[in-house]
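Below: one structure, written as structure tokens.
The values are calculated or read from the model by the stated rules, or taken from the named source; none is laboratory data. All of these numbers come straight from a predicted model, not from anything done at the bench. Here Cβ is always computed from backbone atoms with ideal geometry, including for glycine, and neighbour counts include all displayed protein chains.
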């Protein structure tokens, strides 16, 4: 009786041990998929197969197969193969081995290892949902990235995030794909669209991302998604990148509503919303109130424009006199196609293309220019301060080529944004031929918008044959951490704001969270512009190591270079407001009783004038506005010192 009880306890403990091992394997798989698969594929599987082969060789040797070595090897190999399909050939092993405790214990362990291998393979193929649920339950990440909807941009961004740190916690929420190949959509999805989602799901399944087969909608709350703890306890970033703008807007607003309903206190929450309207940022600011929530609104065109100025900043196209921080030539560009991409690129180039000693010039060509130019000038009245020419012409028409001939001299960039990849590439190649025939200027870059570089094999050939053709705008290049998130840029923007804030009386200081959207934007733009200032001054971050104080840095710049950098900062600040729909508020139009320099409702600002005219504005409002521009040059020292 005692022996039976001991055997029962032993069997129970053995079963419990097996369950614990299974759970620990699942836990390891959830925590570090790659290292676990490496252990399984290069350790567990070969060792189990080898041990299985040996254990069956011993069993069959005792069963009388020892006289035929080939038979022994074949039978052992087949039995080893069977055990990975949860089948045991123990009955074929000599009976007296069944009573050998050592042999049976080894036999059990090896077959459990084979079961474990099979279980993990099945889990990998069909258990993504279970693993995702387990990881969501067990994880308490410091940072989390939540994607609502599985789409190409979201997958590209997730892959980029994981490429830089594969331990990041990334969660996809989408109800339309269940497992590897099965989908049960409750909405009308075309077959090609569904196949796209399945393909993307296969792609993201190979990463450490978590996938939750649920839908975030008006009827579904945070409670059902089980993501409240991520909002409450981590620095949480949520991405609404679907092609449906209405969904992105409504669901991101619902997030804010859910936070209020559940009375969550976000440690830090950032919403990234794919939408076209710039006015939405004011709506979000009103809804957010005092919550620690940041909202970033963008679309593909804005992201591509950001890639442009990152890779091809206007300052790199000009000859500079760095001892004075001035440009020695004008910046001229030609834009072919004035849809969303063309207009966003123009605004980005204007914002980053202002230099002392240089005039910004752009010629824009579109076959429907009359209505497009009118609408653009209506939204951005301040851009009339720049040398912009609008021409209506069909690509490849006589008028088109005549305009090209007239504008080639001094041209730095040609931007092609006609709305179709194939048309853009063909136009870029034709432009390359035209330029090589008409001019010796081989410095003109042809910046060509290509949405999906993988779809056109001839694109790479075009790049190799025509060195001046530069591609931008593909999903893999714009849906990246550096373009979309870039928290180092925002951190720098916050430091810029803190620098100015510290110079005010305590009662007049405004925290970053309470700033208006346009003030945040000007600080972020100033952070992006630091590279341009350093280029103009001929400085690198390493140069700052030779100066131990701010005074030494300012002295090294010299009066003329320092003053020109301050003037350049004012030119850049003007451009930032102009491209965000602001216009000049002329002193003659400001009533005497008004004591502020801007009208935020009508987007008018008295400081949007030339450097020389600022003196009159200073006298009118009693503020040293030019000093603020000089302070921004001084502040470069602190920012460079803080890296």
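What the table shows:
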| quantity | calculated |
| --- | --- |
| Residue 297 being closer than 30 Å to residue 363 by Cα, free of Cβ contacts under 8 Å to residues at least 40 places away in the same chain, in contact with a strand residue (DSSP E or B) (Cβ under 6 Å, 6 or more places away or on another chain) and not in a loop (DSSP other than H, G, I, E, B) | yes |
| Elements of type strands (runs of 3 or more DSSP E) contained in region 357-422, each with 3 or more residues being under 32 Å from the mean Cα position of the chain (by Cα), within 19 Å of residue 468 (Cα to Cα) and assigned by TED's automatic domain parsing to the domain that holds residue 320 | 411-416 |
| Test: residue in region 320-328 that is part of a loop (DSSP other than H, G, I, E, B) and crowded, with 23+ Cβ neighbours inside 10 Å | yes |
| Filter result for residue 537 (more than 29 Å from the chain's Cα centre (by Cα), exposed (fewer than 15 other Cβ atoms within 10 Å of the Cβ) and farther than 28 Å from residue 145 by Cα) | no |
| Residue that is in a loop (DSSP other than H, G, I, E, B) and not assigned by TED's automatic domain parsing to the domain that holds residue 322, where the choices are 617, 609 | 609 |
| Flag for residue 214 being in the same structural domain as residue 153 (by TED's automatic domain parsing), assigned to a loop (DSSP other than H, G, I, E, B) and either surrounded by fewer than 19 Cβ atoms within 10 Å (Cβ to Cβ) or modelled with pLDDT of 80 or more (or both) | yes |
| Residue in region 612-621 that is farther than 26 Å from residue 321 by Cα and in contact with a strand residue (DSSP E or B) (Cβ under 7 Å, 6 or more places away or on another chain) present | no |
| Failed condition for residue 223, given (1) under 22 Å from residue 270 (Cα atoms); (2) assigned to a loop (DSSP other than H, G, I, E, B); (3) modelled with pLDDT under 75 | (2) |
| Selection status of residue 201, modelled with pLDDT under 85 and either exposed (fewer than 14 other Cβ atoms within 10 Å of the Cβ) or outside the structural domain of residue 286 (by TED's automatic domain parsing) (or both) | no |
| Test: residue in region 19-35 that is surrounded by fewer than 14 Cβ atoms within 10 Å (Cβ to Cβ) and modelled with pLDDT of 80 or more | no |
| Residue list for region 432-446, filter: within 16 Å of residue 332 (Cβ to Cβ) and either surrounded by 18 or more Cβ atoms within 10 Å (Cβ to Cβ) or over 35 Å from the mean Cα position of the chain (by Cα) (or both) | 435, 438, 439, 441, 444, 445, 446 |
| Unmet requirement for residue 580, which otherwise passes all of (1) assigned to a loop (DSSP other than H, G, I, E, B); (2) over 31 Å from the mean Cα position of the chain (by Cα); (3) touching a residue at least 24 places away in the same chain (Cβ under 8 Å) | (2) |
| Output for region 213-227, where each listed residue is without any contact (Cβ under 8 Å) to a residue 60 or more places away in the chain and more than 16 Å from residue 145 (Cβ to Cβ) | 214, 215, 217, 218, 219, 220, 221, 222, 223, 224 |
| Qualifying residue in region 150-157 (condition: farther than 28 Å from residue 234 by Cβ and either surrounded by fewer than 17 Cβ atoms within 10 Å (Cβ to Cβ) or at pLDDT 85 or above (or both)) | no |
| Among (1) under 24 Å from the mean Cα position of the chain (by Cα); (2) within 30 Å of residue 151 (Cα to Cα); (3) assigned to a helix (DSSP H, G or I) - the single one residue 350 does not satisfy | (2) |
| Of residues in region 76-96 being farther than 20 Å from residue 45 by Cα and in contact with a helix residue (DSSP H, G or I) (Cβ under 6 Å, 6 or more places away or on another chain), the one surrounded by the most Cβ atoms within 10 Å (Cβ to Cβ) | 93 |
| Residue 392, sole failed condition from (1) surrounded by 18 or more Cβ atoms within 10 Å (Cβ to Cβ); (2) touching a helix residue (DSSP H, G or I) at 6+ places or on another chain (Cβ under 6 Å) | (1) |
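Conditions (1) touching a helix residue (DSSP H, G or I) at 6+ places or on another chain (Cβ under 6 Å); (2) in a helix (DSSP H, G or I); (3) farther than 17 Å from residue 580 by Cα, marked per residue:
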position: 254; (1), (2), (3): no, yes, yes
position: 265; (1), (2), (3): no, no, yes
position: 270; (1), (2), (3): no, no, yes
position: 307; (1), (2), (3): yes, yes, yes
position: 310; (1), (2), (3): no, yes, yes
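Residue by residue, here is whether (1) surrounded by fewer than 20 Cβ atoms within 10 Å (Cβ to Cβ); (2) at pLDDT 95 or above holds:
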residue	(1), (2)
564	no, yes
574	no, yes
578	no, yes
582	no, yes
589	yes, no
596	yes, no
601	yes, no
607	no, yes
611	yes, yes
